[in-house]
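Chemist: Below are the structure tokens for one structure; questions will follow.
The values are calculated or read from the model by the stated rules, or taken from the named source; none is laboratory data. These numbers were taken from a predicted model, which means no experiment stands behind them. Virtual Cβ from ideal backbone geometry, glycine too; neighbours counted across all protein chains shown.
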Amino acid sequence: MKRAPLKNEFRWSVSRQACFDECQKKYWYTYYGSWDGWPVNAFDPNRKVDPLAALLYRLKQIQSLPLFIGSVVHETIEEALKKHHKQLPSAEVLRLDARKRFLKGIEESKEKKWLDHPKKFSNLFEWYYNTNLPTEEAIATYIERIEQMIASWRNSPAINQVIIDAKARWSGIEQNIEFLVDSVPVIVVIDFMLFWPNSEGDILIIFDWKTGGERKENIEQLYAYAMAAQIKLHQPIDKVVITPFYLAQGVTGYKKIGFKQTETLDLKIVEEVQNKIRKEGSKLLAIHKESSQDPLLFPYTENREKCLSCPFVEVCKKANYEPLTREELTSLILVNKETRKEKAESLL
Ligand code: SF4
């Protein structure tokens, strides 16, 4: 059965805004240039994949090791919750699972399994660009960090006294919620949430697993979650508790902000986040409608430090950081492919 082509719909998110603020060229590659670059599948066997889109789609999936750690931890937790519900496996079992995922990702990158499917197999920055390759010792340290975070999560009071308690009514795991702020469509992805009974009405507790340090954007993101709950789940905002859990800080590394907590939800921050979405989101929405097809309108960042860890650096270097049209970028990719082919043939 043939499927109608997917439409590239605009949805504002904290990470989308952060990408635009970091580098507009990166933003174009991520949200527009790579669109439709995924491999042909059984639903659309006759679809032609544009070579530039295919390359950008592949590069978009690349993660550096520090980011990959976050993915491993999130995936391990997500799968444990989805598969085992309240009968969660022990910390030991989860630690082993996370370690296996991490090592599997490294193997897939080394073996370039992503050539078979860029999204199904890990592609790690260090191996793709053959740079800063970790020593055995560094890999052992990464594993130690992953296992510590997983153990902190599984052994924490938040899990054992709240999440797996009989009274908890689970409401979403890796849950997408879309809503509108004025005319700006917004999307949030909530790690986990549950309803907790209270004499004053059910309280919605929203959890966010954090594998990095505390940052201002984390709080903005959590307030966007609270807004999503208010708008889409009709949960009164004064009956919400947002809980960022900084897993590296140990079993009690979480904060509780909201209903009957020492730190209450600050309505001024809710308003600030709404205003930011109105202002910045409207700008990105207008770009989406009017000029998203033209890479010339998306400049390279002037802060070349950002390029050192950017997955798209291969393309920017080939383009010599010149403003190029989509056609020029495509021919550049094809020329490089041809040159590689000629070189290989001359070696035979
Ligand atoms: S390599 Fe640099 S200029 Fe190119 S997309 Fe990445 S951050 Fe932007």
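Chemist: Looking at the range 195-206, is at least one residue out of contact with any Phe, Trp or Tyr (no Cβ under 7 Å at 6 or more places or on another chain) and under 30 Å from Asn8 (Cβ atoms)? Spell out the reasoning first.
Modeler: The first filter runs over the range 195-206 and keeps only residues out of contact with any Phe, Trp or Tyr (no Cβ under 7 Å at 6 or more places or on another chain), leaving 195-201.
Those still in the list that are under 30 Å from Asn8 (Cβ atoms) too: none.
Looking for residues that are out of contact with any Phe, Trp or Tyr (no Cβ under 7 Å at 6 or more places or on another chain) and under 30 Å from Asn8 (Cβ atoms), one finds none in the range 195-206, hence no.
Chemist: For Pro244, only one of the following conditions fails: (1) part of a helix (DSSP H, G or I); (2) crowded, with 16+ Cβ neighbours inside 10 Å. What is its number?
Modeler: So Pro244 meets the others, but not (1).
Chemist: Are any of the residues in the range 192-202 within 23 Å of the chain's Cα centre (by Cα) and farther than 30 Å from Arg278 by Cα?
Modeler: The answer is no; no qualifying residue exists.
Chemist: Please report, ordered by residue number, the strands (runs of 3 or more DSSP E) entirely within the range 130-236 with at least 2 residues that are surrounded by fewer than 18 Cβ atoms within 10 Å (Cβ to Cβ) and at pLDDT 95 or above.
Modeler: The qualifying strands (runs of 3 or more DSSP E) are 169-181, 184-196.
Chemist: A further question on this structure: If I ask for residues that are more than 13 Å from Phe312 (Cα to Cα) and among the hydrophobic types (A, V, I, L, M, F, W, C), which ones from the range 34-61 would you list?
Modeler: Listed by number, the residues that qualify are Trp35, Trp38, Val40, Ala42, Phe43, Val49.
Chemist: When you scan the range 121-164, how many residues do you find that are over 25 Å from Thr243 (Cβ atoms) and in contact with an Asp or Glu (Cβ under 9 Å, 6 or more places away or on another chain)?
Modeler: Looking only at that region, the number is 9.
Chemist: Here's a follow-up. Could you tell me how many of the residues in the range 188-218 are more than 19 Å from Pro236 (Cα to Cα) and either in contact (Cβ under 8 Å) with a residue 24 or more places away in the chain or of a type in the set (Val, Ile, Thr) (or both)?
Modeler: Here is the first cut: in the range 188-218, the residues more than 19 Å from Pro236 (Cα to Cα) are 189, 191, 208-218.
When the remaining residues are screened for being either in contact (Cβ under 8 Å) with a residue 24 or more places away in the chain or of a type in the set (Val, Ile, Thr) (or both), the result is 189, 191, 208-214, 217-218.
The number of residues fulfilling the criteria is 11.
Chemist: Could you list, in sequence order, all residues of the range 298-322 that are more than 8 Å from the ligand (Cβ to nearest atom) and in contact with a Phe, Trp or Tyr (Cβ under 8 Å, 6 or more places away or on another chain)?
Modeler: Phe298, Ser309, Glu314
Chemist: Which number in (1) crowded, with 21+ Cβ neighbours inside 10 Å; (2) over 30 Å from Cys307 (Cβ atoms) marks the one condition that Thr30 misses?
Modeler: The one condition Thr30 does not meet is (2).
Chemist: Ok, one more. List every residue pair whose Cβ atoms sit under 6 Å apart, with the two residues 6 or more apart in sequence or on different chains, where the first one lies in the range 271-297 and is under 19 Å from Gly33 (Cβ atoms) and the second, anywhere, is assigned to a helix (DSSP H, G or I) and of a type outside the set (Asp, Glu).
Modeler: Within 6 Å, the pairs are Ser291/Leu297; Ser292/Tyr32; Pro295/Trp28; Pro295/Arg326.
Chemist: Are there any pairs with C-beta distances below 6 angstrom linking a residue in the range 16-32 that is within 8 Å of the ligand (Cβ to nearest atom) to a residue that is of a type in the set (Val, Ile, Thr), with the two at least 6 apart or on different chains, and if so which?
Modeler: Cys23/Thr301
Chemist: Now for a separate question. Got a number for residues in the range 30-60 being hydroxyl-bearing (Ser, Thr, Tyr), closer than 19 Å to Leu285 by Cβ and in contact with a Lys or Arg (Cβ under 8 Å, 6 or more places away or on another chain)?
Modeler: Going residue by residue through the range 30-60, those that are hydroxyl-bearing (Ser, Thr, Tyr) are 30-32, 34, 57.
Restricting the remaining residues to those that are closer than 19 Å to Leu285 by Cβ gives 30-32.
Keeping just the survivors that are in contact with a Lys or Arg (Cβ under 8 Å, 6 or more places away or on another chain) gives 30-31.
Of the residues in that region, 2 qualify.
Chemist: Anything in the range 221-252 that is closer than 18 Å to Gly70 by Cβ and either among the polar types (S, T, N, Q) or touching a helix residue (DSSP H, G or I) at 6+ places or on another chain (Cβ under 7 Å) (or both)? List them, or say none.
Modeler: Residues of the range 221-252 closer than 18 Å to Gly70 by Cβ: 221-222, 225, 243-250.
Gln221, Thr243, Pro244, Phe245, Leu247, Ala248, Gln249, Gly250, listed by residue number.
Chemist: With respect to Leu285, determine if the residue is in contact with a strand residue (DSSP E or B) (Cβ under 8 Å, 6 or more places away or on another chain), modelled with pLDDT under 95 and more than 16 Å from the ligand (Cβ to nearest atom).
Modeler: no
Chemist: Are there any pairs with C-beta distances below 8 angstrom linking a residue in the range 241-259 that is touching a residue at least 60 places away in the same chain (Cβ under 8 Å) to a residue that is among the charged types (D, E, K, R) and assigned to a loop (DSSP other than H, G, I, E, B), with the two at least 6 apart or on different chains, and if so which?
Modeler: Thr243/Lys255; Thr243/Lys256
Chemist: If you don't mind, another one. Only one of these conditions is not met by Glu9: (1) more than 16 Å from the ligand (Cβ to nearest atom); (2) without any contact (Cβ under 8 Å) to a residue 40 or more places away in the chain; (3) in a loop (DSSP other than H, G, I, E, B). Which number is it?
Modeler: The one condition Glu9 does not meet is (2).
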